[in-house]
Amino acid sequence: MNTVGANQGANGRSVSTKHVAIVLSEGCDLLGVSTLAESLEYAGGLSNSKHAESVLYETHYLSAAGGYVRCAFSISVSTRSLEDALDQRFEHVLIASTPRQSNPPFEVVHAPWLQRMQSRGATIAFLSAFADGSSTTTTKNRTVPVLRAVFDIVRLNLGDELALQAVRLSTGELDLPALLDTARTPADKVHFATRWIRDNCQRELTVTDIAEASAVSERTLLRYFQTYKGTSPAEYLQQVRLEAACRLLVTTTLPADKIARRVGFNSGDRLGKVLRRVTGMSPTEYRAAALMQSGNADLQDVCVRDAGSQQAIAVEASAT
């Protein structure tokens, strides 16, 4: 059943209005809901300039009893009651979960209302309790991360590319495939993970952090890395940090301890141990050897090899 309205815009283009209901409850994640609404607004603006048909997403805030609902951080939002919206047609109904599930749960208490919405063409989704997709809520319905929910809504009308653009604009995230699970193949997920490691190597990272960012389990991440990189995530992280440290050793005059902290090693001693194991040289010796080898050239590759593994780490060296 068609649940949208269509009319002509000022520029003569067809404008389709999609009605999206967001059902709030006490303590729900307002940040996630705001991100969802903002993404839909961006999608509408992008469709007006980049898509054959303009799409306007109109959001409606509802609650069981209507009135003001106090969300997380004690912020209140004005809502209409479910009864008031009983005869309205929505294309999507999104239930904002709370960290603590009510007893009995929403889907039990308001089953007739949900069934009526579905009979009128609406799709129903239960949002995760937190914007990052985590949830302590127990429900027979699978919860969906907010960003995944809005991506799925927009892609139905405007396609994957425009949906990704809308989410990027509202969140500032530049690389979303793993978060939205659009990186479907193992190779895609490894590619995302390696980029994420390079972007975040200066932080204190664990394999758990990398796995969560890549939307896979630690065991699966390890298997993917062994298959596509021939190494483990932890070893790859150390390689990236060492590459960055070597680059700074030959392009700056920063002391080894400061370089170590800048690239994610805890101390100059830790950097020294790793560098000596791979190259047989201390940071001071490596810097001197690299600068000597670079001579008067503007830029050349300096390769340091692990005599045991024969793996090369390419480092850009600039003449000073």
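The values are calculated or read from the model by the stated rules, or taken from the named source; none is laboratory data. The structure displayed is predicted, hence computed values, not measured ones. Counting neighbours? That spans all protein chains shown, and the Cβs are built from the backbone with ideal geometry, glycine included.
Just one of the numbered conditions (1) in a loop (DSSP other than H, G, I, E, B); (2) in contact (Cβ under 8 Å) with a residue 40 or more places away in the chain is not true of Phe265; which one?
Tallying (1) in a loop (DSSP other than H, G, I, E, B); (2) in contact (Cβ under 8 Å) with a residue 40 or more places away in the chain, Phe265 fails exactly one: (2).
Does at least one position in the range 50-63 carry a residue that is at pLDDT 90 or above, acidic (Asp, Glu) and touching a Gly at 6+ places or on another chain (Cβ under 8 Å)?
no
Checking Asn48 against (1) more than 28 Å from the chain's Cα centre (by Cα); (2) in contact (Cβ under 8 Å) with a residue 24 or more places away in the chain, which single condition isn't satisfied?
Evaluating Asn48 over (1) more than 28 Å from the chain's Cα centre (by Cα); (2) in contact (Cβ under 8 Å) with a residue 24 or more places away in the chain leaves (1) as the failure.
Given the structure, is Asp199 out of contact with any helix residue (DSSP H, G or I) (no Cβ under 8 Å at 6 or more places or on another chain), outside any loop (DSSP other than H, G, I, E, B) and closer than 30 Å to Ala288 by Cα?
When the stated conditions are applied, Asp199 passes them.
Can you work out which of the residues in the range 42-89 that are part of a helix (DSSP H, G or I) and out of contact with any helix residue (DSSP H, G or I) (no Cβ under 8 Å at 6 or more places or on another chain) is nearest to Leu147 (Cα to Cα)?
Once the filter is applied, the top-ranked residue is Gly44.
Looking at (1) modelled with pLDDT of 85 or more; (2) part of a helix (DSSP H, G or I); (3) of a type outside the set (Asp, Glu); (4) over 25 Å from Ser16 (Cβ atoms), can you tell me which one Leu114 breaks?
Unmet for Leu114, out of (1) modelled with pLDDT of 85 or more; (2) part of a helix (DSSP H, G or I); (3) of a type outside the set (Asp, Glu); (4) over 25 Å from Ser16 (Cβ atoms): (4).
Can you confirm whether the range 205-221 contains a residue that is touching a Gly at 6+ places or on another chain (Cβ under 8 Å) and modelled with pLDDT of 80 or more?
yes
Can you work out which of the residues in the range 14-32 that are surrounded by fewer than 23 Cβ atoms within 10 Å (Cβ to Cβ) and under 21 Å from the mean Cα position of the chain (by Cα) is farthest from Ala72 (Cα to Cα)?
Filtering first and then ranking leaves Leu31.
Within the range 182-197, restricting attention to residues that are buried (at least 19 other Cβ atoms within 10 Å of the Cβ) and aliphatic (A, V, I, L, M), which residue is modelled with the highest pLDDT?
Ranking the qualifying residues of the range 182-197, first place goes to Ile197.
Just to be sure before I move on: is Ala234 touching a helix residue (DSSP H, G or I) at 6+ places or on another chain (Cβ under 7 Å), modelled with pLDDT under 80 and either in a helix (DSSP H, G or I) or surrounded by 14 or more Cβ atoms within 10 Å (Cβ to Cβ) (or both) in the structure I sent?
Here the answer is no, as Ala234 does not meet what is asked.
Here is a yes/no grid of residues against (1) in the same structural domain as Ile197 (by TED's automatic domain parsing); (2) of a type in the set (Phe, Trp, Tyr); (3) more than 22 Å from Ile197 (Cβ to Cβ):
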{"position": "Arg241", "(1), (2), (3)": "no, no, no"}
{"position": "Leu248", "(1), (2), (3)": "no, no, no"}
{"position": "Thr253", "(1), (2), (3)": "no, no, yes"}
{"position": "Phe265", "(1), (2), (3)": "no, yes, no"}
{"position": "Arg270", "(1), (2), (3)": "no, no, no"}
{"position": "Val274", "(1), (2), (3)": "no, no, no"}
{"position": "Ala288", "(1), (2), (3)": "no, no, yes"}
